[in-house]
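Right, one structure below, let's go through it.
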Amino acid sequence: MAFIIIIATIVYLILIAWTWQSLGFIEKPKKVIFILMGIILTYGITFIIFQTAKEGINYQNTQIQNNIQNILVFIFTGINGIIVMPQIGKILDKINEDEIEKGKLIKRIIILIIIFVLCLIFESGYMKDTQEGILKVYNTMTGESV
């Protein structure tokens with residue numbers, strides 16, 4: 001468990017530093033608000049992905065489900081944030097500095113949305129497989145069958 005916490009902490013530190021840097025010359029309070037709101041929004045999206053991915057998985061009890069949910073949503077929120085937030089930060093910085101044309105802005109946003117949706121589709125399958133794998137290990141350790 002300590003290994004997971006260390007890895008997740010590193011992921012979040014990378015997310016925050018990269019996003020902060022990508023926001024360029026935007027004021028510090030706005031950077032903090034953007035990062036906090038981005039993490040909250042990414043958490044919500046990741047939580048929804050987990051909820052859809054858990055369909056058809058038979059958890060023995062809600063405590064096991066909650067533990068797995070907390071770990072996976074926490075880790076995948078950081079990963080999803082790394083995929084999207086620095087790129088959005090760069091776009092916002094270019095808007096703030098008046099360095100981007102409207103046509104390029106729309107194109108970048110569309111590309112970013114497409115990439116993020118594709119990642120979420122793959123993530124849903126991966127999250128389902130991960131849940132099933134964790135349950136198999138748990139059941140092997142406790143001697144229970146699914």
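The values are calculated or read from the model by the stated rules, or taken from the named source; none is laboratory data. Nothing here was measured: the structure is a model prediction, and the numbers come from that model. Here Cβ is always computed from backbone atoms with ideal geometry, including for glycine, and neighbour counts include all displayed protein chains.
Tabulated data
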| item | result |
| --- | --- |
| Every residue from region 130-143 that is surrounded by 11 or more Cβ atoms within 10 Å (Cβ to Cβ) and not hydroxyl-bearing (Ser, Thr, Tyr) | Gln131, Glu132, Ile134, Leu135, Lys136, Asn139 |
| Lone unmet requirement of (1) more than 24 Å from Ile10 (Cα to Cα); (2) at pLDDT 90 or above; (3) buried (at least 18 other Cβ atoms within 10 Å of the Cβ) for Leu118 | (3) |
| Ile111 aliphatic (A, V, I, L, M) and under 20 Å from Trp18 (Cβ atoms) | yes |
| Of all residues in region 31-50 being free of Cβ contacts under 8 Å to residues at least 24 places away in the same chain and aliphatic (A, V, I, L, M), the one that is surrounded by the most Cβ atoms within 10 Å (Cβ to Cβ) | Leu41 |
| Long-range neighbours under 6 Å by Cβ, at least six apart or interchain, first residue without any contact (Cβ under 8 Å) to a residue 40 or more places away in the chain within region 62-85, second of a type in the set (Ser, Thr, Tyr) and part of a helix (DSSP H, G or I) | Val73/Thr46; Thr77/Thr42; Thr77/Tyr43; Thr77/Thr46 |
| Breaking point among (1) of a type outside the set (D, E, K, R); (2) part of a helix (DSSP H, G or I); (3) farther than 21 Å from Gly133 by Cβ; (4) modelled with pLDDT of 90 or more, for Leu112 | (4) |
| Ala53 vs. criteria of a type in the set (Gly, Ala, Ser), touching a Ser or Thr at 6+ places or on another chain (Cβ under 7 Å) and surrounded by 11 or more Cβ atoms within 10 Å (Cβ to Cβ) | yes |
| Restricting region 7-33 to residues that are in contact with a helix residue (DSSP H, G or I) (Cβ under 7 Å, 6 or more places away or on another chain), in a helix (DSSP H, G or I) and of a type in the set (A, V, I, L, M, F, W, C), the residue that is modelled with the lowest pLDDT | Ala8 |
| Any chance Tyr59 is assigned to a loop (DSSP other than H, G, I, E, B) and either touching a Gly at 6+ places or on another chain (Cβ under 9 Å) or of a type in the set (Phe, Trp, Tyr) (or both) | yes |
| Criterion: under 14 Å from the mean Cα position of the chain (by Cα) and closer than 30 Å to Thr142 by Cα - qualifying residue of Val117, Val73 | Val73 |
